[in-house]
Amino acid sequence: MPKLKVPSPPAPLQPKPKRPGKKTGPEGPVEHGHEATASTIGWIDERTSLSGAGRWMMFRKVPKGTNWFYTLGSATMFAFLSQAVTGVVLAMYYEPEPTRAYESIRRINNEVFLGELVHAMHKWGSTVMVILIFLHMGRTFFFGAYKYPRELNWVIGVVLLILTMTMSFTGYLLPFDQRSYWASIVGVNINGTGPLVGPYLSDFLRAGPYFGATTLSRFYAIHMMAVPGAIAALIGFHLYLVAKLGTTAPPWIRAEAPEATREEKVAA
Ligand code: HEM
């Protein structure tokens, strides 16, 4: 894989040459603002050297033919971030106890300022994320992006897909109404029919042999902490590999022949 040179900082962050006859140092409040921003970034960068990593990640060459389908991965990431932010707000009011969960959701919808909006964003956002992740997976499949050297990124993607489905499944129980309660029992029973690990998995999900009070806490802990943390870490690794390996060109783009081969063709 050819190594790309890390590009120099974008124009606004580069020091400008002084105009002849101009005083040195900032003049008005706007210049002071620019100077302060540049010196703060410089101060952090001198101690962390993070700007090189940032430029390496953000300023990459993309193949010819890159199109809107390549935005589906970023759209999935945005959906995840939206779920994380709205989920944190909901967690401030939600109570994961069988006798209070339903009531706390009712309170969020009817009494908390913008609660109904945030709840709806989280509920519909989960569907949006699932649709986007499948579309993104379809794009990478049909463009052959799962092939060498991107197999590991495909495998990480599969784990991300399973974790996203786990989020949907564990989140469904949380309102603790009749529908979510019975649907979750069906879901846990289906898990229990899996070969070898099935019965252990359903026992783990129920937090015992029966659906009880601790089941809700277990679903909440998985939904709130374990899985989102794993998703965030894996997205980080997924994006690192995208930046390192670059993206695949669409299958209808033909590789250009190297200069020498073209000259040979003309000479022949
Ligand atoms: C939370 C879920 C996911 C997020 C946030 C995510 C994010 C991204 C982003 C931003 C890119 C680069 C731009 C693009 O091609 O769209 C990418 C590329 C890629 N993703 Fe995902 N992805 C996710 C899930 C998946 C899944 C489920 C698969 C497959 C099973 C997958 C496989 C790939 C592959 C193979 C690439 C490289 C594409 C190429 O080289 O052209 N990703 N992902």
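The values are calculated or read from the model by the stated rules, or taken from the named source; none is laboratory data. Here the structure is a predicted model, which means the values were calculated and not measured. Counting neighbours? That spans all protein chains shown, and the Cβs are built from the backbone with ideal geometry, glycine included.
Residues in segment 42-74 that are in a loop (DSSP other than H, G, I, E, B) and among the basic types (Lys, Arg): Arg60, Lys61, Lys64.
If the condition is being hydroxyl-bearing (Ser, Thr, Tyr) and more than 7 Å from the ligand (Cβ to nearest atom), then segment 125-154 contributes Ser126, Thr127, Tyr148. When Met57 is tested against the conditions (1) farther than 19 Å from Leu234 by Cα; (2) at pLDDT below 95, the lone failure is (1). Looking at this structure, is Ala213 under 29 Å from the mean Cα position of the chain (by Cα), surrounded by fewer than 18 Cβ atoms within 10 Å (Cβ to Cβ) and either among the aliphatic types (A, V, I, L, M) or within 16 Å of the ligand (Cβ to nearest atom) (or both)? No; evaluated as a whole, the condition is false for this residue. With the requirement that a residue be more than 15 Å from Pro96 (Cα to Cα), surrounded by 14 or more Cβ atoms within 10 Å (Cβ to Cβ) and not aliphatic (A, V, I, L, M), what does segment 200-210 give you? Answer for segment 200-210, where residues must be more than 15 Å from Pro96 (Cα to Cα), surrounded by 14 or more Cβ atoms within 10 Å (Cβ to Cβ) and not aliphatic (A, V, I, L, M): Ser202, Asp203, Phe204. Pick from Val89, Val6: which is modelled with pLDDT under 95 and surrounded by 10 or more Cβ atoms within 10 Å (Cβ to Cβ)? Result of the check over Val89, Val6: Val6. The residues of segment 97-125 that are within 26 Å of the chain's Cα centre (by Cα) and not in a helix (DSSP H, G or I) amount to a single one, Leu114.
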